[in-house]
1. Can you list the lysines whose alpha carbon sits under 20 Å from that of LYS74, skipping same-chain ones fewer than 8 residues off?
2. Determine how many Å³ per residue the convex hull of the Cα atoms of the chain encloses.
3. Report the one residue of ASN71, LEU8, MET55 whose Cα lies farthest in the direction of the positive end of the charge dipole of region 5-81 (charges on C-beta: Lys and Arg +1, Asp and Glu -1; origin at the Cα centre).
4. Please give the length that would be gained between LEU8 and ASN23 if that part of the chain were fully extended, namely 0.36 nm times their separation in residues minus their C-alpha to C-alpha distance (nm, one decimal).
5. Could you tell me the relative contact order of region 5-81? Use alpha-carbon pairs under 8 Å, at least six residues apart, and round to a whole percent.
Amino acid sequence: MQSDMFNLYPAVGAVNAMRSNYNFVMLSGGVSSFGICNMQVENRKAQPPKKSRGMIARSYLYMDLTYNRYNMSKSPRKLMLPRINNTL
């Protein structure tokens, strides 16, 4: 899993360290924790920038389908699956 190319992406070290392994969520409002980078981290939760959300969701869902050892819980799966009715 660690060396799977669908799990390896370049990242800014300070942002990655601050995000730690906090769950991704949709935070209400707020400002970026990192200036011009729209990543937000608060109360042990993280909201990635809009432009990164699809890539993150695809990576998480791929890992969940590909590796039996990785089990995504219900809440992140619901957040990352496409909302068909909202896109029409």
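1. LYS45
2. Details: hull volume 11.1 nm³, N = 88.
Measuring per residue, one finds 126 Å³ for the Cα hull of the chain.
3. Of ASN71, LEU8, MET55, it is ASN71.
4. Details: separation 15, 0.36 × 15 = 5.40 nm, distance 1.80 nm.
Once the chain is fully extended between LEU8 and ASN23, it gains 3.6 nm.
5. On the way: 66 pairs, mean separation 19.6, N = 77.
Answer for region 5-81 is 25 percent.
Laboratory data are not the source of any read-out in this text; all were calculated from the coordinates shown. This one's a predicted model, so the numbers in the text were calculated from it and none came from an experiment. Glycine gets a Cβ as well: all are built from the backbone with ideal geometry, and neighbour counts include every protein chain shown.
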